[in-house]
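These notes concern the structure reproduced below.
Where a number appears in this text, it was derived from the coordinates with a stated rule and is not lab data. Quick caveat: nothing in here was measured; it's all calculated off a predicted structure. Every residue, glycine as well, gets a Cβ built from its backbone with ideal geometry; the counts of neighbours run over all protein chains shown.
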Amino acid sequence: MAHYSRLSRKDIEAISADFGLHSISSFKVLSGGWENTNYLVEAGKGRYVLTLCEQKKPEQARDLVFLLEHLERNHFGTSRVKRSLKNEPLILRGGESHHHEEFCGRKDSERVDTSSD
């Protein structure tokens, strides 16, 4: 499992706000992936994956997001990218690229209680 960055609740909320996501009820690190840290974030009634592209240059991360958008437009089964409030496919924060996608996995009953963070 790739897990390079540990984010606090405050970090998750700040990054998510750039994408119009508020009222974070829970979040947890997702296993899997090779080059990114991925968090499952529950906000309002939606579930999203926050991807931190630590091992990619910003151009590579942008190209990945554009590929996901292209696949969705052409009806391939893929996650749906959530653009930022400024309609950008990803944001740079602390020298790393971040993006959100709608979570399209099965319902996961295992959740991390983050109320004390």
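Rounded to the nearest 0.05, what FRET efficiency do ALA17 and PHE76 have when you use their Cβ-Cβ distance and R0 = 30 Å?
Efficiency at R0 = 30 Å is approximately 0.50.
For a quick check: with amide H placed at 1.01 Å from N, whose amide H comes under 5 Å from PHE19's, ignoring anything fewer than 5 positions away on the same chain? The list, which skips near neighbours in sequence, is LEU85. A straight Cα-to-Cα reach below 16 Å connects LYS10 with the lysines LYS28, residues fewer than 8 places away in its own chain not being considered.
Centroid-to-centroid, using Cα positions, the stretch 66-99 and the stretch 4-26 are 16 Å apart. Projected over every direction and averaged, the convex hull enclosing the alpha-carbon atoms of the stretch 1-72 yields 5.1 nm².
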